[in-house]
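Please read the structure below before turning to the comments.
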Amino acid sequence: MNCEIFTKNIEILKKKPGYFLNSMLNSCGESGKVPEIAAARDGNLTMSLPGEGGRVYIHSRYRPLEDAEKWAQGLGIGEKSVILLFGFGLGYHIRALLNLMAENDKLLVVEPEACVFKRVLESADLRDIIGDSRVYILVNPDEVKLKNMLLSLMNWRSLGKIFAEGYRPYKNIYPKEYKLFLKTVRDTSVEMAVDKNTVVAFSESWQTNLLKNIPYFFESALAKDLFGIFKGRPAIVVSAGPSLNKNVHLLKKAKNRAVIISVDTALKVLLREGIKPDLVISIDGSELNYEKYRGVSYDDIPLLYTPKVYHKILSNHKGKKVLFYCGDYYAAYILNKLGIDAGCLNSAGSVANNAFDLAVKMGANPVVFVGQDLAYTGNKTHADGTMYDGKNEAKKEADTLLVDDIYGSKVPTSITFNKFRGWFERQIGDDQTGRVYINATEGGANIKGTKVMALARVIDNYCTEKINVEEKISSVIDKKVFNAGHVGVVLDELKEAEKELNYILKLCGEGSELSRRLSDVFKRGIGNRSVVRSCIKKLEEKDELIKERREKIALANYMLTPLVYTVETLVDSGGENETENQKSLRIAETSRLLYEGITNAVEKAMPLLSECIKRLEDI
């Protein structure tokens, strides 16, 4: 061991995010894969690891640097901006990759063996690699840690620019770990793509709902005021999976002995059994979501909602409303401006995630799942008695997976359901409080970290004391939170946004005309260069003005960001053989699409904004 080299490497490593030296040292010696590091024929170090049939060289025994450079060149990473590499080795291939990467690219290196990495730190000066701001390192990560790192490195723009590869021998020496690495990368990419598509697809309806729902903020309580009020008391999160019909009737015995939190889809099933939940929660912004409430009287049940929920759900609910935040950028901006924290309920996209997070943040123990199949139990998607009656038969889709069920067999599920299950498991795994989590669904996918138990037994063992749940909740949500001063602040903000959006409309009209002129020039293939330069300069000026307005006005940024992301992806879609003239034409057309898209979005939003302002003025 070279103590001087090791110390220098560690000092740099300490400055990296997610410093992991202690856990690395503590996990050494578990697998028996002891690396041997020796001199190669060219005088550089090389390394071998035990494999099937003897030792396997990670790097060339003759010219490790030259070999690593050839390997990196052969990958053809091109313009990939996020490189995900399995296997650290002695770092030669990492340096070769870094030489091919741009300044703002990112490289995540996953080393599956803690002892191997420690031995490398003791033997080779890696300060240039470890200290490179583009480099991120994980040693022997579990799926959760790897996924969290991937989420921090990836964004919408990088989705088509991700490159994952294993360094040659590592793939054979650590087949299980490499398979998990690839699976986690694939699953995370799919989830991010689904999230992006969801935001883009629903951005217009979310904007409509937000502007129609803002006036309801001022009659609402805050979810944060519910946090901690049921510490040590049981909470039952009721979802609408197919198994709910098996045991929903038992929840009558749990009334006033546990906090019953219902997701919106399960509400009709509960009410038909004569069970009134203590809280119901809703997040979906689609009109279809209102079908969950149609024909149901729910005024006497406190309704937790996000600002993007379908607006008729709020307008038709005459009872107590409770506001919470879940990634709603503009709502968070408004509330922050008012100095108010509504409380965040986290989610992976399922309302059941939010309900679970509420139970945890209320301090509940245990937290009990009911109706949380997260699978196609009995070939159904949902329980009978929901809005899905007649259309809840699971269809064989390309994304159907088989996962472990609570009985140790396999059950079919979807990528989306599986994403929600993974979220639950990460939350449970990260909880170090000793809280008990129980899966009383009596069917469906197994949720790691939960105790599987029949609901009747849960009620007998845990729901043993009387709780005045309604009184406790009312004592919190009956308090008035907002006042006339708050309304005035929001009114001023919206009126300023209205003025700036009108100015953006003017700029887009002018920019659209300039883009057309520029396109015409490039379509002809020839043109007056001075005209082209003049048009480009004016377009750049207008782009900068629009960008300034977007950054200055939070509502404009909220409305236009999904559109800008969508259109900007077109800039990267040219083929390898595209000429300079073709590229210029494509960029001009992209600008025109962007201006016209912004114009369309703003024109649709303006009447809603005016209506919102009028309603606030009438409060």
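The values are calculated or read from the model by the stated rules, or taken from the named source; none is laboratory data. Only a predicted model underlies this, so the values are computations on that prediction, with no experimental measurement involved. Quick reminder, even Gly has a Cβ in these numbers, built from the backbone with ideal geometry, and neighbours come from all protein chains shown. Areas reflect the complete protein model, heavy atoms only, side chains present, ligands, DNA and RNA absent. Shrake-Rupley method; radii C 1.70, N 1.55, O 1.52, S 1.80 Å.
So here's what we get for this one:
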{"read-out": "Criterion (open to solvent by 50 Å² or more (accessible area, probe 1.4 Å), under 23 Å from the mean Cα position of the chain (by Cα), modelled with pLDDT under 95 and over 30 Å from Ser475 (Cα atoms)) met by exactly one of Asn172, Asn197", "value": "Asn197"}
{"read-out": "Tally, over region 281-313, of residues that are of a type outside the set (S, T, N, Q), within 26 Å of the chain's Cα centre (by Cα) and more than 19 Å from Cys344 (Cβ to Cβ)", "value": "7"}
{"read-out": "Only listed residue being open to solvent by less than 60 Å² (accessible area, probe 1.4 Å), modelled with pLDDT of 90 or more and more than 27 Å from Ala164 (Cα to Cα), chosen from Ala72, Ala68, Ala38", "value": "Ala38"}
{"read-out": "Subset of region 314-331 (residues that are farther than 21 Å from Ala348 by Cα and open to solvent by 70 Å² or more (accessible area, probe 1.4 Å))", "value": "Lys318, Lys320"}
{"read-out": "Single unsatisfied condition, Asn354 versus (1) at pLDDT below 95; (2) open to solvent by less than 10 Å² (accessible area, probe 1.4 Å)", "value": "(1)"}
{"read-out": "Residue list for region 201-223, filter: at pLDDT below 95 and open to solvent by 10 Å² or more (accessible area, probe 1.4 Å)", "value": "Ala201, Phe202, Ser203, Glu204, Ser205, Trp206, Gln207, Thr208"}
{"read-out": "Residue in region 331-348 that is assigned to a helix (DSSP H, G or I), among the charged types (D, E, K, R), out of contact with any strand residue (DSSP E or B) (no Cβ under 8 Å at 6 or more places or on another chain) and under 19 Å from Leu555 (Cα atoms) present", "value": "yes"}
{"read-out": "Residues within region 416-439 that are open to solvent by less than 30 Å² (accessible area, probe 1.4 Å), out of contact with any helix residue (DSSP H, G or I) (no Cβ under 7 Å at 6 or more places or on another chain), over 19 Å from Asp142 (Cβ atoms) and of a type in the set (A, V, I, L, M, F, W, C), tallied", "value": "0"}
{"read-out": "Residue that is in contact with a helix residue (DSSP H, G or I) (Cβ under 8 Å, 6 or more places away or on another chain) and open to solvent by 80 Å² or more (accessible area, probe 1.4 Å), where the choices are Lys542, Lys479", "value": "Lys479"}
{"read-out": "Enumeration of residues in region 54-80 that are farther than 22 Å from Pro35 by Cα and without any contact (Cβ under 8 Å) to a residue 24 or more places away in the chain", "value": "Lys70, Gly74, Gly76, Gly78"}
{"read-out": "Close pairs from region 536-547: first under 10 Å from Leu507 (Cβ atoms), partner of a type outside the set (A, V, I, L, M, F, W, C), Cβ under 8 Å, at least 6 apart", "value": "Lys542/Glu510; Lys542/Gly511; Asp543/Gly511; Asp543/Ser591; Ile546/Gly511"}
{"read-out": "All positions within region 78-94 that are on the phi < 0 side of the Ramachandran plot and open to solvent by 10 Å² or more (accessible area, probe 1.4 Å)", "value": "Glu79, Lys80, Ser81, Tyr92"}
{"read-out": "Count of residues meeting criterion [more than 19 Å from Asp431 (Cβ to Cβ) and touching a residue at least 40 places away in the same chain (Cβ under 8 Å)] in region 441-473", "value": "19"}
{"read-out": "Region 46-60, subset of a type outside the set (A, V, I, L, M, F, W, C) and within 13 Å of His93 (Cα to Cα), residue most open to solvent (accessible area, probe 1.4 Å)", "value": "Ser60"}
{"read-out": "Cys463, sole failed condition from (1) in contact with a Lys or Arg (Cβ under 6 Å, 6 or more places away or on another chain); (2) open to solvent by 10 Å² or more (accessible area, probe 1.4 Å)", "value": "(2)"}
{"read-out": "Given (1) farther than 15 Å from Thr265 by Cα; (2) of a type outside the set (Lys, Arg); (3) assigned to a loop (DSSP other than H, G, I, E, B), index of the condition Val368 fails", "value": "(3)"}
{"read-out": "Qualifying residue in region 359-378 (condition: under 24 Å from Tyr293 (Cα atoms), open to solvent by less than 30 Å² (accessible area, probe 1.4 Å) and within 20 Å of the chain's Cα centre (by Cα))", "value": "yes"}
{"read-out": "Count of residues meeting criterion [among the polar types (S, T, N, Q), at pLDDT 80 or above and open to solvent by 40 Å² or more (accessible area, probe 1.4 Å)] in region 496-529", "value": "1"}
{"read-out": "Region 102-115, subset modelled with pLDDT of 90 or more and not in a loop (DSSP other than H, G, I, E, B), residue most open to solvent (accessible area, probe 1.4 Å)", "value": "Lys106"}
{"read-out": "Which listed residue, of Ile334, Ile301, Ile283, is out of contact with any Gly (no Cβ under 8 Å at 6 or more places or on another chain), hydrophobic (A, V, I, L, M, F, W, C) and open to solvent by less than 10 Å² (accessible area, probe 1.4 Å)", "value": "Ile334"}
{"read-out": "Contacts under 7 angstrom Cβ, first residue in region 305-319 being among the charged types (D, E, K, R), partner open to solvent by less than 20 Å² (accessible area, probe 1.4 Å), 6 or more apart", "value": "Lys308/Asn209; Lys308/Leu210; Lys308/Gly285; Lys308/Asp328"}
{"read-out": "Residues (within 26 Å of the chain's Cα centre (by Cα) and buried (at least 19 other Cβ atoms within 10 Å of the Cβ)) located in region 379-404", "value": "Thr381, His382"}
{"read-out": "Qualifying positions in region 150-169 - assigned to a loop (DSSP other than H, G, I, E, B), modelled with pLDDT of 90 or more and of a type in the set (A, V, I, L, M)", "value": "none"}
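Matching residues to (1) outside any helix (DSSP H, G or I); (2) among the small types (Gly, Ala, Ser):
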{"position": "Val481", "(1), (2)": "yes, no"}
{"position": "Val487", "(1), (2)": "no, no"}
{"position": "Leu494", "(1), (2)": "no, no"}
{"position": "Asn502", "(1), (2)": "no, no"}
{"position": "Lys506", "(1), (2)": "no, no"}
{"position": "Glu510", "(1), (2)": "no, no"}
{"position": "Ser515", "(1), (2)": "no, yes"}
{"position": "Asp520", "(1), (2)": "no, no"}
{"position": "Lys523", "(1), (2)": "no, no"}
